[in-house]
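The values are calculated or read from the model by the stated rules, or taken from the named source; none is laboratory data. Nothing here was measured: the structure is a model prediction, and the numbers come from that model. Cβ coordinates were reconstructed from backbone atoms using ideal geometry, including for glycine residues, and neighbour counts include every protein chain displayed. Quick note on the areas: whole protein, heavy atoms, side chains included, nothing else; ligands and nucleic acids left out. Shrake-Rupley method; radii C 1.70, N 1.55, O 1.52, S 1.80 Å.
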Amino acid sequence: MDFNIPISWNWKKDFLSDRDPAKLEREIKDSDFLVADAKGTHRMVGLKYDAETMNAPMTTCICMNFEMALAKSIAFRLGKMIFYDDVCSASLFNKARGESIAESDYYRCAVFYAKYICAAKLR
């Protein structure tokens with residue numbers, strides 16, 4: 001079987017590099033919060049939790065190093081919180097946009113959500 005895919009093909013880079021900035025802004029706007037690596041330079045994932053269905057949070061946005069500056073500026077302009085956590089951002093980065101997070105990530109994301117999002121909504 002030959003699929004004619006180069007060995008060095010990086011699907012995320014090729015898929016995400018041509019992303020429209022307006023689409024990136026919509027994805028970030030749909031996120032409850034964003035999780036980035038500790039330096040904020042390599043990866044960022046947006047999460048959204050639907051309180052009505054109480055399903056696991058879904059990824060709404062996935063950003064890589066070449067679009068981090070734009071993504072962070074959009075997030076700051078929209079007032080979205082970015083949490084800097086290497087382990088969490090690395091494990092969430094393996095998900096596709098629109099995919100629910102894994103059970104192993106529930107606790108860490110629940111802490112972010114409860115500590116920051118719910119507290120802000122109660123104020």
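For a paramagnetic label modelled on A114 (point 7 Å from Cα along Cα→Cβ), amide N atoms under 17 Å away belong, within region 34-53, to 49-51. Each Lys or Arg adds one and each Asp or Glu subtracts one; over the other residues with Cβ under 12 Å from the Cβ of Y84, this totals 0.
Rolling a 1.4 Å probe over the protein chains gives I82 an accessible area of about 20 Å². Subtracting the Cα-Cα distance of K23 and Y106 from their residue separation scaled by 0.36 nm leaves 27.2 nm. Close amide H partners of T60, meaning residues 5 or more places away or on another chain with modelled amide H under 5 Å apart, are G46, L47, K48, G98. Taking 7 Å steps out from each Cα toward its Cβ at D50 and D86 produces label points 3.5 nm apart. Sorting V45, V87, V111 by accessible area puts them as V87, V111, V45; the probe is 1.4 Å, largest comes first, and only protein heavy atoms count. With a simple spin-label model that places each label point 7 Å from the Cα along the Cα-to-Cβ direction, the separation between L78 and T41 comes to 2.5 nm.
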